[in-house]
Amino acid sequence: MKLSTGIEKLDEILDGGIDSHSSVLILTDTMVDKATFAQHILSRRIMEGDKAIYLTTTKLPSKILKNMYNHGFETEGIVFIDCISHTLGKESPEKFVLQEKLTEVENAWKKTIELMDRALRETEGFKFFVFDCLESFMGLGAETISKEIEKLKEDARDLRTTFLFLFTDWGYE
């Protein structure tokens, strides 16, 4: 089944939208605001009845909600996995909060994967999952991260989840 992105031209290019229960990587250069693009797609998925899960490593959930509101995007019921507040020394009202600093990459990655698993299992229904700023964990190396993504891809159908990963190409090896 194809899931509409809410962006007519993109749906056309994708032959009707994103395949349900798939993993999609949005790769951009440093000058593109990939988050707002993904938030547009997430808004459409919420309007279509999917449960939204948004993992953030760079912006507070309140800032994401404000950006989505300012663009007229739907935000109802978004479940956040907040991986930034603790690093910034801020309290988070979210249910799923990384209690490790992102600068402690290995430990933060392991705990983030655990939070993802909990959020996916505790959220009922069809889910659309945005992983904002995958590059926050690139200190681990692409091989480690791609292995976890492969596991998620294998579990996507059972978890009733479509994944959207955002990655900025900074031009490094």
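Some values worked out for this structure:
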quantity	calculated
Residue under evaluation residue 96, criteria (1) open to solvent by less than 20 Å² (accessible area, probe 1.4 Å); (2) without any contact (Cβ under 8 Å) to a residue 24 or more places away in the chain; (3) more than 22 Å from residue 153 (Cβ to Cβ), criterion not met	(3)
Subset of the stretch 25-53 [small (Gly, Ala, Ser) and either out of contact with any Asp or Glu (no Cβ under 6 Å at 6 or more places or on another chain) or more than 19 Å from residue 69 (Cβ to Cβ) (or both)]	38, 49, 52
Answer from 78, 84 - the residue that is open to solvent by less than 20 Å² (accessible area, probe 1.4 Å) and either within 22 Å of residue 135 (Cα to Cα) or touching a helix residue (DSSP H, G or I) at 6+ places or on another chain (Cβ under 8 Å) (or both)	84
Filtered residue count, the stretch 99-124, keeping only those that are part of a helix (DSSP H, G or I), polar (S, T, N, Q) and open to solvent by 20 Å² or more (accessible area, probe 1.4 Å)	1
Looking only at the stretch 9-57, and only at residues there that are surrounded by 13 or more Cβ atoms within 10 Å (Cβ to Cβ) and of a type in the set (Lys, Arg), the one that is farthest from residue 125 (Cα to Cα)	34
Any hit, the stretch 155-162, residues being outside any helix (DSSP H, G or I), surrounded by 15 or more Cβ atoms within 10 Å (Cβ to Cβ), in contact (Cβ under 8 Å) with a residue 60 or more places away in the chain and within 12 Å of the chain's Cα centre (by Cα)	yes
Total residues in the stretch 114-144, condition under 24 Å from residue 64 (Cα atoms) and touching a helix residue (DSSP H, G or I) at 6+ places or on another chain (Cβ under 6 Å)	5
Positions within the stretch 59-75 being open to solvent by 20 Å² or more (accessible area, probe 1.4 Å), farther than 14 Å from residue 128 by Cβ and either touching a strand residue (DSSP E or B) at 6+ places or on another chain (Cβ under 9 Å) or of a type outside the set (Gly, Ala, Ser) (or both), in sequence order	59, 60, 63, 65, 66, 67, 69, 70, 71
Verdict on residue 6 being farther than 25 Å from residue 153 by Cβ and either part of a loop (DSSP other than H, G, I, E, B) or open to solvent by less than 40 Å² (accessible area, probe 1.4 Å) (or both)	no
Of all residues in the stretch 125-143 being farther than 14 Å from residue 55 by Cα, out of contact with any Lys or Arg (no Cβ under 7 Å at 6 or more places or on another chain) and of a type outside the set (Gly, Ala, Ser), the one that is surrounded by the most Cβ atoms within 10 Å (Cβ to Cβ)	138
Residues of the stretch 38-83 that turn out to be of a type in the set (S, T, N, Q), in contact (Cβ under 8 Å) with a residue 60 or more places away in the chain and not in a loop (DSSP other than H, G, I, E, B), as a count	2
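The values are calculated or read from the model by the stated rules, or taken from the named source; none is laboratory data. None of these values were measured; they are calculated from a predicted model. Backbone-built Cβ (ideal geometry, glycine too); neighbour counts: all protein chains shown. To get the accessible areas, we keep the full protein, side chains included, count just its heavy atoms, and leave off ligands, DNA and RNA. Shrake-Rupley method; radii C 1.70, N 1.55, O 1.52, S 1.80 Å.
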